[in-house]
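**Student:** There's a structure below that I have some questions on.
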Amino acid sequence: MREDPAVSLTGHVVETKVEAHVVAATFLSGLPAFALADGCLVLQADNQLRRLVLHPEATLLAASSSETRLASGGDDGRVVFTDGHEVREIARETGQWIDAIVLRADGALAWSSSKTVRCRDSAGLTKSVRLASSVRGLAFLPKGYRLAASHYNGVSLWFPNAEANPDLLAWKGSHIDVTVSPDGRFIISSMQENCLHGWKLADKQNLRMSGYPAKTRSLSWSHDGNWLATSGADACILWPFQAKNGPMGQAPRECGGRPARVTKVAFHPSALIVAIGYEDGWLMLCRMSDGAELPVRAPTEAAGAISAMGWDAQGRRLAFGSRTGEAFVLTLPS
Amino acid sequence: MDQKIPVTVLTGYLGAGKTTLLNRILSEPHGKKFAVIVNEFGEIGIDGDLVVGVDEEVFEMNNGCICCTVRGDLIRILEGLMKRRGKFDAIIVETTGLADPAPVAQTFFVDADVSNAAFLDAVVTVADAKWLSQRLKDAPEAKNQIAFADVIVLNKSDLVSPAELREVQARIRAINPYARLHESVRCAVPLDAVLGRKAFDLDRILAIEPAFLEAEHEHDHAHEHAGDHDHTHGHDHQAGHSHRHYHDEDMQSVAIEIDGDVDPEKFLPWINNLSQTEGPNILRSKGILAFKGEPKRFVFQGVHMILDGDLQRDWQPGEARRSKIVFIGRDLKQDMIRTGFLACAA
């Protein structure tokens with residue numbers, strides 16, 4: 001494929017070998033940071049790599065970050081916080097794996113191990129609940145202190161500070177990941193059956209979004225909340241949420257169609273541009289206004305699937321990584 | 001790109017010796033590293049370094065198929081394990097004594113992420129020589145585990161008389177004549193008897209003959225005991241001797257052979273329809289078929305309603321083109337299956 005320098009961003013990418021499956025790619029206090037399955041965090045500072053051990057001798061299974069902190073969980077049962085310098089243990093679930101973790105900008109943190117979900121507020125007070133089946137995904141609702149947890153046969157909504165049992169949004173089947181629309185109106189889960197399920201919170205109406213050839217394991221909302229970008233097809237599938245009933249009765253948009261499965265998607269923090277990562281290691285930016293596709297990485301030989309990506313707060317840089325231990329930073333030309 | 005990781009499923013009724021076999025596998029000097037997924041965590045120590053305890057979670061798929069169940073815990077744990085490829089060479093899943101092996105096996109057919117990363121090597125069932133006959137009467141789970149097995153380790157064979165041992169073997173054979181059967185004391189079996197079997201690999205389905213014709217011909221199959229439901233009938237098989245044969249009231253195997261080709265236009269709709277209607281009762285199925293006009297052998301295998309089939313190697317010169325299918329299941333409608341298959345002859 002011939003690359004036109006005017007429309008390709010491949011020259012603006014810096015690559016680093018990190019030698020382990022990249023679980024999360026983000027920025028901590030402005031520094032590119034990669035959380036790796038081998039239990040380490042790699043930070044890029046002044047063209048040097050700094051390696052921080054978060055889970056010694058263990059596998060880091062899940063991570064979530066805010067602008068200044070990253071929380072991670074491992075198969076050692078530990079939940080830790082780091083600011084990129086120090087590592088602090090928050091919890092230890094003996095003999096368990098940490099399956100899901102989510103950190104909100106205000107410092108609220110939630111994690112799950114099998115059927116147990118714990119939620120820790122910014123003051124450090126932790127509450128727990130045990131659900132009927134193992135939890136696969138967690139997401140905070142934007143308003144109030146409320147958590148969504150996806151599991152077999154539905155999604156539970158929990159107010160950690162209330163005595164009441166969680167509310168169950170029931171739908172048969174296994175729900176994997178869960179996300180909440182930025183306005184808090186919709187809860188969307190990805191399912192074992194290669195489809196998405198959704199609930200409109202106001203009236204618990206069900207939404208069903210299907211047609212994927214594979215499971216959707218990456219979901220990202222546009223900054224204005226109007227679009228939900230999803231992986232699981234040979235293009236990024238974007239569902240419209242502008243209407244009162246969300247995507248009900250509407251067709252999705254597609255962008256970045258290629259003969260390869262999309263594994264990861266991440267909307268730009270302030271523009272209608274979505275970063276799309278593929279199973280063959282490709283990465284493209286797609287602009288929704290005109291459908292323009294800008295290649296960021298286009299390996300010509302077999303490469304590992306893109307497994308993580310994250311924008312910095314200003315949307316000038318994108319960190320991304322692969323299952324086979326490569327880490328990249330794209331800096332958009334100004 | 002990456003090699004798929006073999007997964008061995010270890011089943012067996014409570015107390016049969018699963019953990020003994022597991023510890024034996026882990027402690028042998030094979031130089032391999034195993035990730036072990038166990039239930040009943042902590043009950044008896046497991047010696048491995050990478051041991052994960054889980055609650056078995058059987059999930060129904062939301063597609064209306066009642067027997068398309070998968071093990072959700074396995075999907076979740078495998079996803080985590082696959083983040084550390086290279087840390088281990090193989091995976092062993094130890095199920096609870098009451099588990100049905102089918103959802104474990106179906107997970108490898110139904111879940112694309114699992115089947116891209118790993119393959120089911122074999123279902124190994126550990127049975128207690130002293131108590132199995134009794135369990136087959138009172139525990140449907142024990143019967144399921146025997147019927148489903150690719151390999152059966154008949155353990156504690158030193159605790160029964162030779163006559164009792166022959167009886168329990170015959171009871172196993174009445175349910176599943178196709179599994180490899182190994183007698184053992186404290187699960188002392190060679191590792192290659194239980195690992196690296198590739199029992200679900202279509203390329204390895206070379207012949208479907210009852211295993212005792214190949215492996216156990218040195219044994220005497222005449223039996224001294226016969227219970228109420230047992231009956232005797234002569235077999236005219238290759239080894240040329242007859243043996244007393246037990247009949248299990250609800251779990252049987254059916255093998256049907258056509259001495260020649262079948263018509264794929266008739267066979268494929270028939271087998272699809274059969275697996276849809278009789279799938280809940282069919283635990284395992286296998287077949288090697290000569291399709292009319294096709295130089296390659298067609299092989300298939302199935303678990304309940306899920307079928308997996310492909311064209312395999314060429315029929316060899318001098319090899320008789322025969323078509324044979326085998327089912328192991330509960331209350332199989334033998335006459336209907338037989339008539340249906342014979343009608344597919346080309």
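The values are calculated or read from the model by the stated rules, or taken from the named source; none is laboratory data. All values derive from a computational prediction rather than experimental measurement. Quick reminder, even Gly has a Cβ in these numbers, built from the backbone with ideal geometry, and neighbours come from all protein chains shown. For the accessible areas, the whole protein counts, side chains as well, though only heavy atoms, and no ligand, DNA or RNA atoms are used. Shrake-Rupley method; radii C 1.70, N 1.55, O 1.52, S 1.80 Å.
**Student:** To the nearest 20 debye, what is the magnitude of the charge dipole of chain A about its Cα centre, counting +1 on the Cβ of each Lys and Arg and -1 on the Cβ of each Asp and Glu? Mind dumping the intermediate values first?
**Tutor:** Working: 34 positive and 33 negative charges, 183 e Å.
With only Lys, Arg, Asp and Glu charged at Cβ, the dipole is about 880 debye.
**Student:** With +1 on each Lys and Arg Cβ and -1 on each Asp and Glu Cβ, how big is the dipole of the range A:83-233 about its Cα centre, in debye rounded to the nearest 20? Can you show the working numbers first?
**Tutor:** Working: 18 positive and 14 negative charges, 79 e Å.
Roughly 380 debye for the range A:83-233.
**Student:** Using a 10 Å cut-off around each Cβ of peptide B:72-84, what is the average number of partner chain Cβ atoms that fall inside?
**Tutor:** Working: counts 8, 3, 0, 5, 9, 4, 0, 5, 9, 3, 3, 14, 10.
Averaged over the peptide's residues, the number is 6.
**Student:** Using a loss threshold of 50 Å², tell me which positions in the range A:181-200 are less accessible in the complex than in their chain alone. Probe radius 1.4 Å, ligands and nucleic acids ignored.
**Tutor:** Buried by 50 Å² or more upon assembly, which counts only protein chains, are A:Gln192, A:Glu193.
**Student:** Heavy-atom accessible surface, probe 1.4 Å, ligands and DNA/RNA ignored: which residues of the range A:11-28 lose at least 40 Å² versus the isolated chain?
**Tutor:** By number: A:His21.
**Student:** How many Å² of accessible surface get buried when A and B come together, counting both sides, probe radius 1.4 Å, rounded to the nearest 100? List each step's numbers first, then the result.
**Tutor:** Values: alone 14540 and 16030 Å², together 28340 Å².
Result for this pair: about 2200 Å² buried.
**Student:** Say we join alpha carbon atoms closer than 10 Å with springs in a Gaussian network model of chain A; which of A:Leu125, A:Leu147, A:Leu61 then has the biggest fluctuation?
**Tutor:** It is A:Leu125.
**Student:** Over chain A, what percent of the accessible surface lies on carbon and sulfur atoms, probe 1.4 Å?
**Tutor:** Values: 6350 of 13440 Å².
Using a 1.4 Å probe with all protein chains present, chain A comes out at 47 percent carbon and sulfur.
**Student:** Can you give me the accessible area per residue for the range B:73-182, using a 1.4 Å probe, in Å²? Spell out each step's value before the answer.
**Tutor:** Details: 3140 Å² over 110 residues.
On a per-residue basis, the range B:73-182 sits at 29 Å².
**Student:** Would you mind working out the accessible area per residue for the range A:1-99, using a 1.4 Å probe, and quoting it in Å²? List each step's numbers first, then the result.
**Tutor:** Details: 4690 Å² over 99 residues.
I get 47 Å² per residue for the range A:1-99.
**Student:** Which value, in Å to one decimal place, does the Kirkwood hydrodynamic radius take for the range B:242-331 when every pair of different Cα atoms is included?
**Tutor:** With all distinct Cα pairs of the range B:242-331 included, I get 14.0 Å.
**Student:** Which Rg and Dmax, in Å, describe the Cα atoms of chain A?
**Tutor:** Every Cα atom of chain A included, Rg and Dmax give 19.0, 62 Å.
**Student:** Name the residues of the range A:91-111, by number, that are at least 40 Å² less accessible with every protein chain in place than in the isolated chain; the surface is that of heavy atoms, probe 1.4 Å, without ligands or nucleic acids.
**Tutor:** Hits at the 40 Å² cut-off: A:Trp97.
**Student:** For the range A:139-210, with every protein chain kept in place, what is the accessible area per residue (1.4 Å probe, Å²)? Mind showing how you got there, number by number?
**Tutor:** On the way: 2710 Å² over 72 residues.
It amounts to 38 Å² per residue over the range A:139-210.
**Student:** log₁₀ I(q)/I(0) of the range A:80-180 at q = 0.10, 0.13, 0.15, 0.23 Å⁻¹, via Debye over equal Cα point scatterers, no solvent, to two decimals?
**Tutor:** -0.25, -0.43, -0.57, -1.29
**Student:** Cα-Cα pairs above 18 Å in the range B:127-200: how many percent? The partial results should precede the final answer.
**Tutor:** On the way: 967 of 2701 pairs.
Looking at the range B:127-200, the distances longer than 18 Å represent 36 percent of pairs.
**Student:** Still on this structure, I have one more. Based on a Kirkwood Rh over C-alpha pairs, give the Stokes-Einstein translational diffusion coefficient of the range A:286-334 at 25 °C and viscosity 0.890 mPa s in µm²/s.
**Tutor:** It comes out at roughly 200 µm²/s.
**Student:** At 4 °C and 1.567 mPa s, grab the translational diffusion coefficient of the range A:251-332 from Stokes-Einstein with a Kirkwood Rh over Cα pairs, rounded to a whole number in µm² per second. Before the final figure, lay out each step's value.
**Tutor:** Values: Rh = 12.8 Å.
Answer from the Stokes-Einstein relation: 102 µm²/s.
**Student:** Moving to a separate point now. I want the local charge near A:Arg51. Using Cβ-Cβ distances under 13 Å, sum +1 for each Lys or Arg and -1 for each Asp or Glu among the other residues.
**Tutor:** Working: positive: A:Lys17, A:Arg50; negative: A:Glu19, A:Asp38.
Residues close to A:Arg51 contribute a combined charge of 0.
**Student:** Test of the criteria: in the range A:1-110, which GluC sites (Glu not before Pro) are in a DSSP loop and have at most 15 other Cβ atoms within 10 angstrom of their Cβ?
**Tutor:** Values: sites: A:Glu3, A:Glu15, A:Glu19, A:Glu57, A:Glu67, A:Glu86, A:Glu89, A:Glu93; in loops: A:Glu3, A:Glu19, A:Glu57, A:Glu67, A:Glu86, A:Glu93.
Loop-located and lightly packed - A:Glu3, A:Glu19, A:Glu57, A:Glu67, A:Glu86.
**Student:** Treating only the Cα positions of the range A:196-303 as identical point scatterers, give the base-10 log of I(q)/I(0) from the Debye formula at each q in 0.12, 0.13, 0.23 Å⁻¹.
**Tutor:** Relative scattering, expressed as log10 I(q)/I(0), comes to -0.40, -0.46, -1.28.
**Student:** If you keep only loop residues by DSSP, which trypsin sites (Lys or Arg not before Pro) in the range A:186-241 have at most 14 other Cβ atoms within 10 Å of their Cβ?
**Tutor:** Hits after loop and neighbour filter: A:Lys204.
**Student:** Strictly over 25 Å apart at the Cα level, which of A:Lys204/A:Lys244; A:Lys172/B:Lys4; B:Lys4/B:Lys156; B:Lys198/B:Lys266 would you flag in this model?
**Tutor:** Checking Cα-Cα distances, A:Lys172/B:Lys4; B:Lys4/B:Lys156; B:Lys198/B:Lys266 exceed 25 Å.
**Student:** Hey, what do the phi angles of the range B:119-130 turn into as Karplus ³J(HN,Hα) couplings, whole Hz, using 6.51/-1.76/1.60 and θ = phi - 60°, x for Gly and Pro?
**Tutor:** For the range B:119-130, the Karplus curve yields 10, 7, 7, 5, 9, 10, 10, 9, 10, 8, 4, 6 Hz.
**Student:** With only Lys, Arg, Asp and Glu charged, each at its Cβ (+1 for the first two, -1 for the last two), find how big the charge dipole of the protein assembly as shown is about the Cα centre; round to the nearest 20 debye. Write down the numbers at each step before the final one.
**Tutor:** Details: 72 positive and 87 negative charges, 378 e Å.
Roughly 1820 debye, rounded to the nearest 20.
**Student:** Starting from the alpha-carbon convex hull of the range A:108-259, give the projected area averaged over all orientations, in nm². If you can, show how the numbers build up before the last one.
**Tutor:** Working: hull surface 36.7 nm².
With the hull built on Cα positions only, its mean projection is 9.2 nm².
**Student:** Net charge near B:Ala99, counting Lys/Arg +1 and Asp/Glu -1 over other residues with Cβ under 10 Å of its Cβ? If you can, show how the numbers build up before the last one.
**Tutor:** On the way: positive: B:Arg71; negative: B:Glu56, B:Glu94, B:Asp100, B:Glu141.
Overall, the nearby charge balance is -3.
**Student:** OK, next. Under the rule a/c < 1.5 gives rounded, and otherwise a/b versus b/c splits prolate from oblate, where does the range B:66-122 land using the Cα gyration tensor? Don't skip to the answer; put the middle values down first.
**Tutor:** Details: a/c = 2.00, a/b = 1.48, b/c = 1.36.
Here the range B:66-122 falls in the prolate category.
**Student:** Could you work out the equivalent-ellipsoid semi-axes for the range A:2-154, taking the square root of 5 times each eigenvalue of the Cα gyration tensor, largest first, in whole Å?
**Tutor:** On the way: eigenvalues 177, 64, 49 Å².
Output for the range A:2-154: semi-axes of 30, 18, 16 Å.
**Student:** Still on this structure, please answer the following. ³J(HN,Hα) across the range A:236-253 via Karplus (A = 6.51, B = -1.76, C = 1.60, θ = phi - 60°), whole Hz, x for Gly/Pro?
**Tutor:** 7, 9, 10, 9, x, 10, 5, 6, 4, 9, x, x, 4, x, 10, 8, x, 9
**Student:** Over all Cα pairs of the protein assembly as shown, how is the pair count split among 10 Å bins, expressed in % and running from 0 up to the last occupied bin?
**Tutor:** 3, 14, 22, 23, 17, 12, 6, 2, 0
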